[in-house]
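Just so it is clear, none of the values below were taken in a lab; they were calculated from the coordinates. The structure presented is a predicted model; accordingly, all values stated were derived computationally and were not measured. Glycine also receives a Cβ, built like all others from the backbone with ideal geometry; neighbour counts cover every protein chain displayed.
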Amino acid sequence: MMKNDKQSKRPLIYQLKISLKGIKPPIWRRVQLPGDTSLLKLHFILQVAMGWTNSHLHEFIINKQSYGNPDMDELGSRRTLDETEYLLKQVVPGKGVKFEYLYDFGDGWQHTIQVEDIIEPDEEHKFPACVAGRRACPPEDVGGIWGYTDFVEAILDPQHPEHENYLAWIGAEFDPEVFDLQQCDEELRNIDSSEMIRDHNRYHSSEVGPEFKLYQPISFWLGELTDEDYAQLEQLPLRLDTNHLLIYLRDHRTKGTQSSGNLPLKAIREVTAGFVDPPILDQVIGDRTYKLRSEIDVWPVYFIHTLLLTGGLVQGGEGRRIRLTPKGEQFLASEPPVQVWYLLESWWYHTNWEIADLFSQLDEVLPGYFAYTTLAYLLELPVGITIPFESFADSLIQATRLMWDAPDPERLRKSLHHSIERAVINILRDFLVVKRIEKDAKIGSYKYKVLSAFEITRLGRGLLRAVAGWQ
């Protein structure tokens, strides 16, 4: 009796069959999920179950009503209801009900979803789950039903004139009959830690900064660390300086400046005195001394303070005391590797890279996907192999289409190289992700070092994978 009472308090499990319309033999999946799943969460479940990549718009049509993101219904003609505010059991209450799920309005993928059954929850099973399915999901951007038909015809026929082109486009072998049930089920059971949901949360969460949550890829990286890795991360100057600044702000009544909310000069001098490598605050050039004017003049302080703000570790601003948030206290209590991951996550996804003087000429034309493209390029590089910086920077510029018509294209290219050096290579050096390789240069009698190449470290590769959500 007690067991039944306990089960009755848990949401009922909906068994859904999802079928892609217009394709024969049919492509379908059977999934089980709690009835109190939001329609937004259902969207992610459908993406994973079918094999899509969440790269396009979507909507549900239930009893002639549209559910999705109302912001995408700019004219209000569809009268779209917010999918975050409705649960599956509220809008689809009964067994046998059918409704529609549309994905990618360009290719026009229509899915029919049928409630096959509503069952009692099983405490021994984790939901959502995939229990059956047939055939592979079409590739993204293949051109809808007709494009997919042409694609399959060409990919299965080595003599087809488009066979090689399609093979190069897909980047791998493709078998339309293959569906890996075990892999699909595993991905569904771990959907809450998926990069798809993490990516959504980064841009839609009301929380400042990353979630302080050890997702599976992060836990995997932590488990791979050696004692030497731990010691390196523990002694990382950036981590030590960040903790030093946080403790200072916790223990002192420090108000942000009236104009910008930056640290006052007195605080900057006191804080930097305790840094691992105290920066020079007053520059002596010839017979003149240029005194410290603001936090922006001291890159280590400005950089760390920005990470504290974008990471949600401190709050305060113009003329207000800068205080630690609960997340800031949690940061101080965390293990060194977790702190390092959190700071890099804050930089990569939550901070405007222009603070490192990146793309100062570009202003609003900096692609929003630049950080993602950069991360993808870095993850393709081998560990411990010398990578010429100029070829890396040129590839990144080309991939993100940063070049434009300019009176002096070569000067623009060199300026972009300089920016990539500062905001990518130098930042990653501070996180032990890369090693800089320099060569001697000279202008007149003045000698200096310039970046010629870099290497991805083994420790750094693991950290990048954690930030990317890879295992």
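3J(HN,Hα) along the range 143-158: x, x, 4, 5, x, 5, 4, 5, 4, 4, 4, 6, 5, 8, 10, x Hz, from the Karplus curve 6.51 cos²θ - 1.76 cosθ + 1.60 with θ = phi - 60°, whole Hz, x for Gly and Pro.
Its residue count N sets the reference 2.2 N^0.38 Å, and the alpha-carbon radius of gyration of the range 216-351 equals 1.14 times that reference. Structural descriptor for the range 191-338: relative contact order 29 percent, calculated from alpha carbon pairs under 8 angstrom and at least 6 residues apart. Sequentially through the range 409-415, phi angles give Karplus couplings (6.51, -1.76, 1.60; θ = phi - 60°) of x, 5, 5, 4, 4, 5, 5 Hz, Gly and Pro residues having no value and appearing as x. Fully extending the segment from M403 to A273 would add 42.6 nm, taking 0.36 nm per residue of separation and subtracting the current Cα-Cα distance.
Using the Cβ-Cβ distance between T84 and Q183 with R0 = 41 Å, the FRET efficiency computed as 1/(1 + (r/R0)^6) comes to roughly 0.90. Binning the alpha carbon pair distances of the range 7-77 at 5 angstrom intervals from zero yields the distribution 3, 12, 20, 24, 19, 12, 7, 2, 1, expressed in whole percent. The residues packed around Y203, meaning those with a beta-carbon under 15 Å from its beta-carbon, carry a net charge of -4 if Lys and Arg are +1 and Asp and Glu are -1. What you get for the chain, charging only the Cβ of Lys and Arg (+1) and of Asp and Glu (-1), is a dipole of about 1480 debye around the Cα centre. Radius of gyration (Cα atoms) of the chain, expressed as a multiple of 2.2 N^0.38 Å: 1.16. State which entries of K17/K327; K89/K213; K213/K435; K266/K327; K24/K64; K266/K435 exceed 32 angstrom in Cα-Cα distance in the structure shown. Pairs exceeding the cut-off: K17/K327; K266/K435. Rounded to the nearest Hz, the phi-derived 3J(HN,Hα) couplings of the range 226-242 under the Karplus curve 6.51 cos²θ - 1.76 cosθ + 1.60 (θ = phi - 60°) are 8, 4, 5, 4, 4, 5, 4, 5, 5, 8, 4, x, 4, 5, 4, 5, 5, where x marks glycine and proline. Length gained on full extension, N426 to D157, computed as 0.36 nm times the residue gap minus the Cα-Cα distance: 92.0 nm. Taking R0 as 56 Å, what FRET efficiency do you get between Q65 and I443 from their Cβ-Cβ distance, rounded to the nearest 0.05? The calculated FRET efficiency here is 0.25. Between E207 and L12, the FRET efficiency from the beta-carbon distance, with R0 = 22 Å, is close to 0.10. The spacing between the range 98-133 and the range 206-250, judged by their C-alpha centroids, is 38 Å. Extension gain, S415 to E116: 0.36 nm times the residue separation minus the Cα-Cα distance gives 101.6 nm.
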